[in-house]
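Below is one structure, written out as structure tokens; the observations come after it.
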Amino acid sequence: MPVKPLPFGKAQAQQIAAQYPTPFYLYDAAGIRRCVRALHQAFAWNKGYKEYFAVKALPNPAILRLLKEEGCGVDCASYTELLLAERLDLVGDAIMFSSNDTPAEEFAYARRLGAIVNLDDISHIEYLERHGGLPGAICCRYNPGAFSLDRNAIMGDLHDSKFGMTYDQLIEAMRILKAKGVQRFGLHAMLISCALDEGYYAALAEKMFLLALDIREQTGVTVSFIDLSGGIGIPYRPHEAPVDIARVGKAVRAVYERLVAPAGLEISLFSELGRFITGPYGYLVSTVLHEKHTHKDYIGLDATACNLMRPAIYGAYHHITALGKEDAPCTHTYDVTGSLCENNDKFAVDRMLPRLEAGDIVAIHDAGAHGYSMGYNYNGKLRCAELLLEEDGSVTLIRRAETPADYFATLDTSGLFGDLK
Ligand SMILES: *Cc1c(COP(=O)(O)O)cnc(C)c1O
């Protein structure tokens, strides 16, 4: 079996499971800190660089607190994400509010918190004016319609992407915002998701720097920050190489020195990485309940797509390690399933694994971003616990598992469920 290393082994997983029954998420604090530090190091050359962690990737306050300690802000896109930020005392410039199709009360809340507002559409200028008012610092989201990475000519067609403004709208938006007295202007674009191509950020930066120069020429507006957003990928498959963030930082710097510095501009760079920061450092740990042999061989886990839906909705690959069998030969081909009444409830299809049996504990890798947070309650399945593996090796419960009482809490229970714990 191609190996992906784990920061814990079978004995520790069993020990944890004795206290917190599987399934659970386990996040590796040391791994997350290492990753953020490398990111900050890579962009240390840029004055004002800031990472706004995309809250939707892993909206747990313990994780956000850890990231805050490392100097990160937060990228929010909803009322509750803003609330989470406020309660952690992440306010003002520590929030990038990158929303779309935004409800009035969310704009108003973002304004009360003093967040930097990233406008997804030109019509939102007037809407924001009516619901909270225009802030001193504002950012506009760009959708170029198409995007290609020179190196291997990946073409992204963005014509059916709902995000951002066209070039003409963006220029017009800058003119309007300037006329309305906005002081600090930024640009934002996210053109790819999960890019393993190390050239992505540099190609995007080049596009955005040229856009900033165009804007200055056409409107007199000086862009002072550019948000390269999220989209840097992680190696879900064991043969894939991780993105070398130091090289990414260097490549962006080269573009900056070619285009921005000679134009006499000073532009702070921001990122809104989610997956890159926490993805590889989260594991869904689950126990084998059953093996079943019919037209295929099935391994049934106690986790379901409700805990991790990426394989079910994207056909995403998530590596699976059978704890204690790391070195065993992969002699068996299994579909690894959950218990939902849905045939797409499979964590892996035709996966070569060591022989598995009931009671084995498995770790599903790279579940630290867009994992727990995409969870749902289909079939009445309850959300599992989240645990933090601290740097000293101890484990902290950072979110308890749901109980039936949580599941029924939003009903008018009048007598039916009032006694539930
Ligand atoms: C989802 C999202 C991100 C984070 O994306 P990752 O793939 O996790 O890096 C950042 N910014 C915006 C606006 C997003 O929608």
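In what sequence, highest mean first, do 235-242, 117-124 appear when ranked by Cβ atoms within 10 angstrom?
Listed from highest to lowest mean packing, they are 117-124, 235-242.
Return the calculated 222 nm mean residue ellipticity for the chain, to the nearest 500 deg cm²/dmol, obtained by summing -39500 (n - 2.57) across DSSP H runs with n ≥ 4 and dividing by the residue count. Intermediate values should be presented prior to the final figure.
Details: 12 runs with 120 residues, N = 421.
The per-residue figure over the chain is -8500 deg cm²/dmol.
So for the chain, what percent of the C-alpha to C-alpha distances run longer than 30 Å?
That fraction is 47 percent.
Dividing the convex hull volume of the alpha carbon atoms of the range 48-147 by its residue count, what do you get in Å³ per residue? If you can, show how the numbers build up before the last one.
Values: hull volume 10.9 nm³, N = 100.
Each residue corresponds to 109 Å³ of Cα convex hull volume.
What is the Cα centroid distance between the range 233-283 and the range 111-140, reported in whole angstrom?
Taking the Cα centre of the range 111-140 as reference, the centre of the range 233-283 is 27 Å away.
By count of other Cβ within 10 Å, fewest leading, how are His131, His370 ordered? Please report the intermediate quantities before stating the final value.
On the way: His131 18, His370 24.
In increasing order of surrounding Cβ atoms, one gets His131, His370.
Using the structure shown, select from Lys10/Lys325; Lys346/Lys381; Lys325/Lys381; Lys4/Lys292 the pairs with a Cα to Cα distance greater than 19 angstrom.
Lys325/Lys381; Lys4/Lys292
What is the Cα radius of gyration of the range 158-309 over 2.2 N^0.38 Å, N being its residue count?
Against the compact-globule rule of thumb, the ratio is 1.44.
How high is the relative contact order of the chain, in percent, counting Cα pairs under 8 Å that sit 6 or more residues apart?
19
How many angstrom lie between the C-alpha centres of the range 33-99 and the range 359-421?
That distance is 24 Å.
Readers should treat all values here as calculations from the given coordinates under stated rules, not as data from a laboratory. Everything numeric in this text was worked out from a predicted model, so none of it was measured. Methodologically, a virtual Cβ is constructed for each residue, glycine included, from the backbone with ideal geometry; neighbour enumeration extends over all protein chains shown.
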